[in-house]
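In what follows, a structure is listed as structure tokens, so that the remarks can point back to it.
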Amino acid sequence: MNEFWRKTVHMVFGLLITLLIYCVPKEITLLILGVGLLVGLWFIDLEMRNINVPLIHQLLYHLERPGVFPGKGAFYFVFTALVTLIIFPSTVAAQGILILSVLDGMATILGLRYGRIRIINHKSIEGSCGAILVTFIVLLFFVDPVKAAVLSVVAGIVELGSPIDDNLLLPLVVDLLVVMVPW
């Protein structure tokens with residue numbers, strides 16, 4: 001498993017889901033994510049029974065961390081996208097998924113390359129700060145600078161110290177912040 005490629009796929013996958021949420025009507029996006037989740041569960045079940053679907057098995061073998069159930073990251077990602085899209089308006093849900101895609105991926109990639117000072121959960125200050133900066137820059141294309149800064153920093157703190165998988169928690173926290181703060 002190569003963590004760089006794993007996180008690159010994570011970012012591309014997340015950006016495609018973000019684009020889907022922004023560009024496709026909510027009802028159709030919910031249907032696509034729901035079907036995707038069910039198909040993903042089916043592949044996970046097959047993999048756990050040692051029934052290897054050739055392409056899926058290779059992807060899971062090369063992109064999943066050892067010691068977790070097959071497809072865990074992708075499952076959590078799609079599940080959270082579906083839940084946030086059910087709870088929040090499309091534009092809000094898309095912000096949470098966009099931030100998860102960019103921040104989580106960049107934190108790992110930058111941390112692997114430049115990380116020297118380890119802090120919480122073996123994550124580096126360089127990876128976390130670099131990911132917050134990259135996320136802030138990306139958000140400037142969509143929101144005002146103050147909102148971009150607040151969302152980036154809060155998301156960085158959640159990603160750094162989340163007691164549960166950040167794929168589950170980060171978009172929900174970001175989306176709650178977006179709807180609760182009078183921007």
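The values are calculated or read from the model by the stated rules, or taken from the named source; none is laboratory data. If you're wondering where the values come from, they're calculated on a predicted model, not measured in any experiment. Using ideal geometry, Cβ is built from the backbone for each residue, glycine included, and neighbour counts are taken over all protein chains shown.
Could you pull out the residue among G105, G71 that is modelled with pLDDT under 85 and of a type in the set (G, A, S)?
So the residue among G105, G71 that is modelled with pLDDT under 85 and of a type in the set (G, A, S) is G71.
In the set I109, I125, I132, I120, which member is under 26 Å from Q58 (Cβ atoms) and over 12 Å from the mean Cα position of the chain (by Cα)?
It is I109.
Would you check if there is a residue in segment 76-88 being buried (at least 19 other Cβ atoms within 10 Å of the Cβ), without any contact (Cβ under 8 Å) to a residue 24 or more places away in the chain, on the phi < 0 side of the Ramachandran plot and not in a helix (DSSP H, G or I)?
Within segment 76-88, not a single residue is buried (at least 19 other Cβ atoms within 10 Å of the Cβ), without any contact (Cβ under 8 Å) to a residue 24 or more places away in the chain, on the phi < 0 side of the Ramachandran plot and not in a helix (DSSP H, G or I).
Just the residues that are surrounded by fewer than 22 Cβ atoms within 10 Å (Cβ to Cβ), part of a helix (DSSP H, G or I) and of a type outside the set (V, I, T), please, taken from segment 167-182.
L168, L169, L172, L176, L177, M180
Within segment 9-34, which residues are over 11 Å from the mean Cα position of the chain (by Cα) and either touching a residue at least 12 places away in the same chain (Cβ under 8 Å) or under 13 Å from F79 (Cβ atoms) (or both)?
Result: L20, I21, Y22, K26, T29, L30, I32, L33, G34.
Can you confirm whether segment 93-103 contains a residue that is buried (at least 20 other Cβ atoms within 10 Å of the Cβ) and not in a helix (DSSP H, G or I)? Walk me through it before giving the result.
Applying the first criterion (buried (at least 20 other Cβ atoms within 10 Å of the Cβ)) to segment 93-103 yields 93-103.
Filter once more, keeping what is not in a helix (DSSP H, G or I): none.
There is no residue in segment 93-103 that is buried (at least 20 other Cβ atoms within 10 Å of the Cβ) and not in a helix (DSSP H, G or I).
So in segment 135-166, with the set limited to residues that are touching a residue at least 40 places away in the same chain (Cβ under 8 Å) and not in a helix (DSSP H, G or I), which one is farthest from S90 (Cα to Cα)?
It comes out as D165.
Would you mind telling me which numbered condition in (1) without any contact (Cβ under 8 Å) to a residue 60 or more places away in the chain; (2) farther than 16 Å from N167 by Cβ G40 fails?
Among (1) without any contact (Cβ under 8 Å) to a residue 60 or more places away in the chain; (2) farther than 16 Å from N167 by Cβ, the lone unmet condition for G40 is (2).
Across segment 116-134, which residue is surrounded by the most Cβ atoms within 10 Å (Cβ to Cβ) among those that are of a type in the set (S, T, N, Q) and in a helix (DSSP H, G or I)?
S128
Does segment 149-165 hold any residues that are buried (at least 19 other Cβ atoms within 10 Å of the Cβ) and in contact with a Leu (Cβ under 7 Å, 6 or more places away or on another chain), and which are they?
Listed by number, the residues that qualify are L151, S152, A155, G156, V158, E159.
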